[in-house]
Structures are given as structure tokens and as C-alpha cells.
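Asks: Before I ask anything, let me first share the structure, which is written out below as C-alpha cells.
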Amino acid sequence: MSPNDQETWDSIAHVITRIREGVPLARASKEVGIAPEIVVDLGRPALRKKRGRYVATKTDHLLRMISTLTVNGKKLLATRDSRQASLVGGHWAAVQRYLQTGDDSALRRFKNKRVTDASGKRHSLLTDLQELDRQASAGVLSFESMYAGGR
């Protein structure tokens, strides 16, 4: 997928997420910087009309590129399951909480959890505190790096 196409799909997924949070399509599209018509056209499987307004379905199967954390560092994965993307987002939040406060309680719920990519391959989420500390010391886990894609 070209970088431009990847950016379009990422934008659509962000708009769908904002709609799930209760933001109207027009406003969510404007925030993300993509035309509402494109969101409706390409994101139709994740949308339905309710009383004349578009609302997001509870889950969707839109393509997303997600950056996940493994023992070998960050890895960019494609997924077609919004629940998998949410799982990875929660994991990143738990990692950041641990790195900022030393509190690993949120990370514990990700122990032995795996995320499934679009091809069905499962990837373990990193919860080993020593490895997290090592990667953080190496600069792999800065907040900005979470969104910078793979390696």
C-alpha cells in the first residue's frame, strides 16, 4: 500500500473512532483533515445511518496499520479488527503509565495477551519490565515513537 493510501485509511479509522466517541461525522472529518464523503465511501462497513446521521458500528473490519511493542522493539502490523487496534492502544497506554510512574498494574492485564494481524498471525504484547526498561533506555519507547511506525 502506498504511503498516501495508508494515510487515507489511517485517517478514516481515526474519524470512525471519533464518531464512536460521539463526535458528528462532519466535525470528526474536519478534525482529522479528510472529507466526510471519503469517510462515508471507504468507511461504509463501519458506519450506519440512524435518524439521518451517521453513527459508527460497535466494531469494524477496516484496515489499520498499528505499531505494537515486541521483545525486538516496535513492529508495524496490519489489522482488520478494531478490537485488536484498541487492545494495542491500551497496551501502549499501560506502557507509558509504567514508564512515567513506575506503576505496572495496568501492564499486568496484558500479560500473555496477543494481537492478531490481518494475516491471522498472533504477536505477543511486551510486558516484561526489564525489557521495557531496556528499550526505554535505548530511546525506543518515547511517546512520539509510539506513532512513528515500525522500527
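Quick note: the coordinates plus some simple rules give every number you see, no bench work behind them. Remember, it's a predicted structure, so these values are computed and weren't measured experimentally. Please note: Cβ atoms are built from the backbone with ideal geometry, for glycine as well, and neighbour counts cover all protein chains shown.
Asks: Relative to the present Cα-Cα distance, how much length would full extension add between S119 and S86 at 0.36 nm per residue of separation?
Replies: 10.1 nm
Asks: What relative contact order, as a whole-number percentage, does segment 51-112 give when Cα pairs under 8 Å and 6 or more residues apart are counted?
Replies: About 23 percent, as a whole number.
Asks: Which entries in K30/K50; K50/K75; K58/K121 show an alpha-carbon gap greater than 30 Å?
Replies: Exceeds cut-off: K50/K75.
Asks: Suppose only helical runs count, i.e. DSSP H with n ≥ 4. What mean residue ellipticity at 222 nm does that imply for the chain under -39500 (n - 2.57) per run, divided by all residues and rounded to the nearest 500 deg cm²/dmol?
Replies: Computed mean residue ellipticity for the chain: -13000 deg cm²/dmol.
Asks: Something else: Would you list S29, S67 from fewest to most Cβ contacts within 10 Å?
Replies: S67, S29
Asks: Could I have the simple spin-label model distance between E21 and A35, label points 7 Å from Cα toward Cβ, reported in nm to one decimal?
Replies: The modelled label-to-label distance comes out at 2.5 nm.
Asks: May I pose another question? Taking the Cα centre of segment 3-56 as origin and charging only Cβ (+1 Lys, Arg; -1 Asp, Glu), how large is the dipole, in debye to the nearest 20?
Replies: 560 debye
Asks: Let me ask another. If you take the charge dipole of the chain about its Cα centre, with +1 on Lys and Arg Cβ and -1 on Asp and Glu Cβ, which of V71, A85, Q6 is farthest toward its positive end?
Replies: Working it through, the farthest residue towards the positive pole turns out to be A85.
Asks: Hey, another quick one. If you keep only loop residues by DSSP, which trypsin sites (Lys or Arg not before Pro) in segment 38-123 have at most 13 other Cβ atoms within 10 Å of their Cβ?
Replies: The qualifying sites are R51, K58, R109, K111, K121.
Asks: Shifting gears a bit: Tell me the volume per residue, in Å³, of the convex hull enclosing the alpha carbons of the chain.
Replies: It comes to 123 Å³ per residue, whole-number rounded.
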